[in-house]
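Structure, as structure tokens:
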Amino acid sequence: MVTKLLASRGATIQELNTIRKALSLLKGGGLAQSAYPAQVLSLILSDVIGDPLDIIASGPTVASSHSIQECFQILTTYNLLSDMPESVHTVLSGSPVEQATQKDFSHVHNVVIGSNRLALEEAKRQAEDMGYFSVLLSDTVCGEVSTIARLYCLLIQLTCLSATAGNDLLKDKVEGELSSLVAKLALPGLHLRDILRASQVEKPICLLAGGETTVQLRGNGKGGRNQELALRVALELHRARATADGRFLEKYEIVFLSGGTDGQDGPTEAAGACCSQELVGEAEREGFNVEEFLNNNDSYTFFVRFQSGHHLLMTGLTGTNVMDLHIVLIRAKGRD
Ligand SMILES: Nc1ncnc2c1ncn2[C@@H]1O[C@H](COP(=O)(O)OP(=O)(O)OP(=O)(O)O)[C@@H](O)[C@H]1O
Ligand SMILES: O=C(O)[C@H](O)CO
């Protein structure tokens with residue numbers, strides 16, 4: 001109940017898990033403390049950006065550093081103090097104000113055995129085996145889904161423009177917008193130079209990135225952040241190619257895929273979806289209004305109905321979760 005309330009008010013996973021750690025006997029290092037003095041080996045799958053060990057699953061085997069003031073501060077921020085059950089107040093007011101000085105965790109070995117970066121590195125190897133020149137852009141992509149869709153549209157445009165002779169003014173414009181967006185999103189290590197280098201090679205190109213976007217739900221449709229991202233990228237590409245400057249895109253085959261590694265995107269049975277730059281045009285000809293679906297956060301309904309669900313990524317539950325993967329494939333038309 002506490003988790004649901006916090007999540008519904010938009011609390012971050014860091015805030016959520018600070019509260020969970022304070023309320024639980026096992027989280028926040030409690031499991032490792034209960035096992036003491038036995039040796040503890042913790043094999044960790046990271047579903048949090050940056051792989052912070054104390055946040056992943058609320059760190060049952062990791063020393064915790066939260067304070068009770070922090071918990072009250074979080075509950076106050078989301079206006080939830082008075083909604084908390086009596087038991088929560090009892091536990092919080094009975095806890096020491098500061099965590100006791102660092103306990104001994106020398107009996108614990110924490111090892112990250114699965115992460116978004118590991119998944120991306122394997123995807124990169126697979127793409128290279130398939131003949132793609134591959135660039136791993138980032139494993140920390142996060143932000144509002146429409147901003148991230150813009151990011152990918154600009155990345156795709158820059159890649160294509162760099163491979164096309166001429167267009168220097170447009171390329172500078174796209175690179176300028178991209179650089180300020182990357183700075184705004186504070187995406188460390190997104191190597192634009194590598195994209196420019198990729199455009200100089202003869203091979204088809206694969207750009208790989210990962211993380212987790214957020215969706216501000218405004219409608220009452222059915223969807224997930226990956227399907228919404230794919231549909232928004234499709235709309236961005238559609239708009240870009242409709243401008244006087246955007247004709248260069250037509251020389252390229254472009255596929256964008258966004259998928260959740262757990263195999264389930266939001267409350268749907270798809271893991272995500274893919275799109276091409278032609279998707280919105282084709283959808284319009286078939287009578288679909290993509291913007292309307294997006295305004296209602298109804299990406300799943302769109303993808304199910306459009307071309308018999310052909311663009312949906314259906315993997316089934318994978319039994320793991322290392323967040324989402326975003327993959328762009330670009331090939332000059334007429335090239336094998
Ligand atoms: N109609 C919708 N359109 C787009 N996104 C949606 C929709 N409904 C829910 N979501 C998104 O789905 C997510 C909630 O689903 P889920 O419980 O699978 O997420 P999660 O537990 O955060 O993710 P995961 O388990 O994949 O790490 C949230 O990111 C939410 O914004
Ligand atoms: O379950 C959780 O605590 C979150 O998914 C972070 O690991």
* Asked: Which residue pairs have Cβ atoms closer than 6 Å, lie 6 or more positions apart in sequence or on different chains, and pair a first residue in region 8-23 that is among the basic types (K, R) with a second residue that is within 16 Å of ligand 1 (Cβ to nearest atom) and in a helix (DSSP H, G or I)?
  -> R20/S58; K21/S58
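Given the condition under 25 Å from L217 (Cβ atoms), modelled with pLDDT of 90 or more and charged (D, E, K, R), answer yes or no: does some residue in region 23-34 qualify?
In the first step, residues of region 23-34 are kept if they are under 25 Å from L217 (Cβ atoms); the result is none.
Checked against the condition, which is being under 25 Å from L217 (Cβ atoms), modelled with pLDDT of 90 or more and charged (D, E, K, R), region 23-34 yields no hits at all.
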* To do: Pairs only if they're at least six apart or on different chains, beta carbon under 6 angstrom, first in region 244-258 and outside the structural domain of T164 (by TED's automatic domain parsing), second surrounded by fewer than 20 Cβ atoms within 10 Å (Cβ to Cβ) and of a type in the set (V, I, T); list them, first residue then second.
  => none
* **All positions within region 112-128 that are out of contact with any Leu (no Cβ under 7 Å at 6 or more places or on another chain), more than 11 Å from G210 (Cα to Cα) and not in a helix (DSSP H, G or I)** => V112
* Asked: So which of V111, V97 is of a type in the set (A, V, I, L, M, F, W, C), at pLDDT 90 or above and more than 16 Å from ligand 1 (Cβ to nearest atom)?
  -> V111
* Within region 2-59, which residues are away from ligand 1 (no atom under 16 Å from the Cβ), farther than 14 Å from E70 by Cβ and in a loop (DSSP other than H, G, I, E, B)? -> S24, L25, L26, K27, G29, Y36, P37, A38, Q39, L53, G59
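Just to confirm my filter: which helices (runs of 4 or more DSSP H) fall fully inside region 263-336 and include at least 2 residues that are among the small types (G, A, S)?
On the way: elements: 279-285, 290-295, 299-305.
Where helices (runs of 4 or more DSSP H) fall fully within region 263-336 and carry at least 2 residues being among the small types (G, A, S), they are 279-285.
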* Structure fact -> Among residues of region 284-336 being under 27 Å from E122 (Cα atoms) and of a type in the set (V, I, T), the residue farthest from the chain's Cα centre (by Cα) is I330
* Filtering region 60-81 down to residues that are aliphatic (A, V, I, L, M) and within 19 Å of R9 (Cβ to Cβ), which residue is farthest from ligand 1 (Cβ to nearest atom)? -> L81
* To do: Could you give me the residue pairs with C-beta distances under 6 Å whose first residue belongs to region 53-65 and is more than 18 Å from N116 (Cβ to Cβ), whose second residue is modelled with pLDDT under 95 and within 16 Å of ligand 1 (Cβ to nearest atom) wherever it lies, and which are 6+ apart or on separate chains?
  => S58/N17; S58/R20
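The values are calculated or read from the model by the stated rules, or taken from the named source; none is laboratory data. What you are looking at is a predicted structure, and each value in this text was computed from that prediction instead of being measured. Here the Cβ is made from the backbone with ideal geometry for all residues, glycine too, and neighbour counts use every protein chain on show.
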